[in-house]
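Nothing in this text is a laboratory measurement; each read-out follows from the coordinates by a stated rule. Note that the structure is predicted; figures quoted are calculated from it, not measured. Neighbour counts are summed over all protein chains in view; Cβ atoms, including those assigned to glycine, are modelled from backbone coordinates with ideal geometry.
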Amino acid sequence: MYLMKDITRDGNPVLRKRAAKVSFPLSDEDQKLAKDMMKYLEVSQDPELCKKYKLRAGVGLAAPQVGVSKQMAAVLVPAPDEDEKPLFKDVIINPVIVSESVQYGALTEGEGCLSVDKDVPGYVPRHDRITLRYQDVNGETHKVRLKHYPAIVCQHEIDHLHGVLFYDHINKDQPFEAPADTVMIS
Ligand SMILES: O=CN(O)CCNC(=O)c1cccc(Cl)c1Cl
Ligand code: NI
């Protein structure tokens, strides 16, 4: 299971590279990578286990963040009501955003990243709605339409696969300025 010591930090060149496409069928190593990344998210979202293993909670984790420059990311976006099923849960492989809204969306709380130790305050304008095509661990292709929080998280993860970090999107002069009619997501 991954611990914080396994997470690559800003400054490590792996975080600024374009990750390589993943080939199918998955090798045993890539299957384990997918499982371990999702496991990290599940454990980090359990308050007791998160504390026990001294993790930072996450709703996504991309392979470059564990030092593997491959196009794979685990996403686990819980529903607001914990009794409901997650808004999105899957390991997205070779993801491609095939269409995106002109309208922006941004989290009112800003974003954080396991690979960025410092807080970077400010809005991170992203597309509020996306159509995402990806392969799952079985090689099945999915095409899903996502909006608001799950869409934001998937864009954060796909950025990691392109060597982009969330603060790259924050307006340097006016960090809490967002384009007009941006959907503010709480
Ligand atoms: O790349 C994944 N991480 O760095 C895990 C830690 N950050 C988060 O879970 C997180 C927090 C806030 C907003 C977004 Cl969009 C995300 Cl993704
Ligand atoms: Ni991140």
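List of remarks:
- When every Cα-Cα distance of the chain is counted in 5 angstrom steps from zero, the calculated P(r) takes the values 1, 8, 16, 21, 22, 18, 10, 3, 1, 0 percent.
- Percent breakdown of C-alpha pair distances by 5 Å bin, ordered from the shortest bin, for the stretch 25-89: 4, 17, 24, 23, 18, 9, 4, 0
- Inter-part distance where the stretch 76-118 and the stretch 9-25 are each reduced to a Cα centre, Å: 19 Å
- Taking every C-alpha pair closer than 8 Å and separated by at least 6 residues, the mean separation divided by the residue count of the chain gives a relative contact order of 24 percent.
- Simple rule: put +1 on each Lys or Arg Cβ and -1 on each Asp or Glu Cβ in the stretch 4-185, find the dipole, and look at V98, A19, G60; the Cα lying farthest toward the positive end is A19.
- Peptides 2-12, 104-114 ordered by packing proxy, namely the average of other Cβ atoms within 10 Å per residue, highest first: 104-114, 2-12.
- The phi-based Karplus calculation (6.51 cos²θ - 1.76 cosθ + 1.60; θ = phi - 60°) puts the 3J(HN,Hα) values of the stretch 171-182 at 5, 4, 7, 10, x, 9, 9, 10, x, 4, 6, 5 Hz, whole numbers, x for Gly and Pro.
- Relative compactness, the stretch 59-116, computed as alpha-carbon Rg over 2.2 N^0.38 Å: 1.32
- Gaussian network model of the chain, springs between alpha carbon atoms under 10 Å - residue of I158, I130, I170 with greatest fluctuation: I170
- With R₀ set to 30 Å, the beta-carbon distance separating R145 from K32 gives a calculated FRET efficiency near 0.50.
- Helix-only [θ]222 nm of the chain, DSSP H runs n ≥ 4, -39500 (n - 2.57) each, per residue, nearest 500: -6000 deg cm²/dmol
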